[in-house]
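Chemist: Below: one structure in structure tokens.
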Amino acid sequence: MSNIIQDTENIVLNGLNINDILTLAGKISEQEDYGKFRFRASNRWINGAKSKTSIQGFFTGGEENTERSQALFVDADQPLFLAGSNTAPNPVEHFLHALTSCLTTTLIYHASVHGFVVEAIETNAEGDMNSKGFFGISETVTKGYKRIRVSISVKSEAGVEELTELAMHSPVYEMVSKAVPVELTLLTF
């Protein structure tokens, strides 16, 4: 594995300011709570299979971050085949989006601070699932993905082994592959 770039002043590689990334990493390594994040999403049902998620504030660096003056919105729906209106990706497609975009982002950040020029990255994911679990038709069938296959194609001077090691820093990949525990509370109002 190549070393992290040391003299980073005014270096922009792969569209990223290396000094900004390393300054942030330095603060995170020096201050225990600086790198702790709490992200939030709030979803509201619209109608039928449609819902809208609002994402705005988050906690990091030991305080609430208010850099987003307005919320970001992500819509979800279902294909016509699944009785939806087909106006937006469905939640399991959003899950694949989260996985592929996190792998891509992680790879470009780490490749950049290691000094690798990257000309292109294409990350694809495909998940297998059986809807018998979701519809309650079978209690023995998994409700979610049974298997996910990811392929990443990278045009770079770096080798496959180096790039794979860098991509493995992806938080979403780790959450998926290690099945992070989820606490669920449901209330009525």
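The values are calculated or read from the model by the stated rules, or taken from the named source; none is laboratory data. Because the structure is a prediction, the values reported are computed rather than measured. When we count neighbours, we look across all protein chains shown, and the Cβ atoms used for this are built from the backbone with ideal geometry, even at glycine.
Chemist: Hey, among Thr104, Thr123, Thr100, which residue is more than 23 Å from Phe73 (Cα to Cα), at pLDDT 95 or above and surrounded by 16 or more Cβ atoms within 10 Å (Cβ to Cβ)?
Modeler: Checking each option against the conditions leaves just Thr123.
Chemist: Can you give me the ranges of the helices (runs of 4 or more DSSP H) entirely in segment 74-189 with at least 3 residues that are under 13 Å from the mean Cα position of the chain (by Cα) and in contact (Cβ under 8 Å) with a residue 60 or more places away in the chain?
Modeler: Fully inside segment 74-189 and qualifying: 91-113, 171-177.
Chemist: Let me ask something else. Do we have Ala25 as under 21 Å from the mean Cα position of the chain (by Cα) and within 19 Å of Thr106 (Cβ to Cβ) here?
Modeler: Considered against the rule, which asks whether it is under 21 Å from the mean Cα position of the chain (by Cα) and within 19 Å of Thr106 (Cβ to Cβ), Ala25 comes out as yes.
Chemist: If you take the residues in segment 87-134 that are polar (S, T, N, Q) and in contact with a strand residue (DSSP E or B) (Cβ under 9 Å, 6 or more places away or on another chain), which one is farthest from Ser51 (Cα to Cα)?
Modeler: Ser112
Chemist: Just to be sure I understand, how many residues within segment 74-86 are in contact with a strand residue (DSSP E or B) (Cβ under 9 Å, 6 or more places away or on another chain) and more than 11 Å from Ser51 (Cβ to Cβ)?
Modeler: Summing the residues that are in contact with a strand residue (DSSP E or B) (Cβ under 9 Å, 6 or more places away or on another chain) and more than 11 Å from Ser51 (Cβ to Cβ) in segment 74-86 gives 1.
Chemist: Scan segment 58-73 residue by residue and report those that are exposed (fewer than 14 other Cβ atoms within 10 Å of the Cβ) and assigned to a loop (DSSP other than H, G, I, E, B).
Modeler: Answer for segment 58-73, where residues must be exposed (fewer than 14 other Cβ atoms within 10 Å of the Cβ) and assigned to a loop (DSSP other than H, G, I, E, B): Gly62, Thr66, Glu67, Arg68, Ser69, Gln70, Ala71.
Chemist: Of all residues being in a strand (DSSP E or B) and in the same structural domain as Ser156 (by TED's automatic domain parsing) in segment 10-42, which is surrounded by the fewest Cβ atoms within 10 Å (Cβ to Cβ)? Just the residue, please.
Modeler: Val12
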